[in-house]
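Structure record follows, encoded as structure tokens.
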Amino acid sequence: MNVYKRMSIILSSGIMLIGLLTFYISSGMGYPVTGSMDKIEASVVISAKPATPLTPTPTPTPEPNILLRESYPEIHDLIKSYYDAKLEVDKEAFRNLVTDISYINIDEIQAKTSAVTSFTDITCYTKKGVGEIDLVCYVKYYMDIVTIDTPVLSLDELFIQYDETGDPLIFMGELDTDTRNELVKLRNDADVSELISSTQKEIDESLKNDEDLLAFWQRNMNNEPEPVQETALHVSPRDLPPEEMEAELARVAAENAALAAAVPG
């Protein structure tokens, strides 16, 4: 009899506890929920939030490769030292200016600068390079020539590479085909093309107005030394291809004759 009474009390207590647990859960009184209930509650909360749209990552706009005039003082100093070294005709003078001194040919430099007394009005125009070439420098300058009153205008193309310490050097070496082609393409950019064209026009005007300069050009037109870089651009009064040279000389001579005939005498 006592056993049944005890079991009856236990069952009654269990029923009361179950009812109390149900009351706490339904009334939201903060009874801790564990086990599988966590997953159910979490899934309900997630599904109740509106989906947040993903913001697309904008594609960065490439910076334009603009031709800059005298924007790097260290490049100007390097270029000036390079042309000073040409006048010295001393190979050691190039050692801290170029990436590989073995590409310096002193005989060619001496042949090219033997009549030059100074390089003046050096102006550096730069564009970003490609591959191992950090910058392309288009150098506009004048050469003072013995016995010629008019300074000779020229435009050179030099490649700049920064070394591991951050110092700029003039690149001397071999370039792979893709890099070389990309560097040559820069000459077709509108700003570079305009620089080349304006330089050539100024040269043509100088030839018309100075017979000594024209004679110097005629003497040296077939004796241009090999450029120091395999893709180098060099615009000077003797840069026309051989097949065009005679026609150009005839044109300049005819214009000079016409100018002389127009002067009252």
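Bear in mind these aren't lab numbers, they're just calculated from the coordinates by the rules spelled out. As the structure is a prediction and not an experimental result, all values here were calculated from the model. Cβ placement follows ideal geometry from the backbone for every residue including glycine, while neighbour counts extend to all protein chains displayed.
Count the net charge of all other residues whose Cβ sits under 15 Å from the Cβ of D189, scoring Lys and Arg as +1 and Asp and Glu as -1.
After counting each charged neighbour, the total is 0.
Quick one: net charge around E74, please, counting Lys, Arg +1 and Asp, Glu -1 for every other residue with C-beta under 14 Å from its C-beta.
Counting the neighbours of E74, the net charge comes to -4.
In nanometres, what is the gap between the two model label sites at T55 and D163, each 7 Å from Cα along Cα-to-Cβ?
4.6 nm
Between K80 and E202, what is the label-to-label distance in nm when each label sits 7 Å out along the Cα-to-Cβ direction?
For the pair K80/E202, the computed spacing is 1.8 nm.
Over 25 Å between Cα atoms: which of K80/K127; K127/K201; K112/K185; K140/K185 fall into that group? Write out the running numbers ahead of the final one.
On the way: K80/K127 18 Å; K127/K201 22 Å; K112/K185 27 Å; K140/K185 19 Å.
Those over the limit are K112/K185.
Which part of the stretch 97-127 falls in the paramagnetic zone of E88, meaning amide N under 13 Å from the point 7 Å along Cα-to-beta-carbon?
Inside the label zone: 97-98.
When only C-alpha pairs under 8 Å and at least 6 residues apart count, what is the relative contact order of the stretch 64-160, in percent?
24 percent
For N181 and V146, compute 0.36 nm times the residue count separating them, minus their Cα-Cα distance, and round to one decimal in nm.
Contour length minus Cα-Cα distance gives 8.8 nm.
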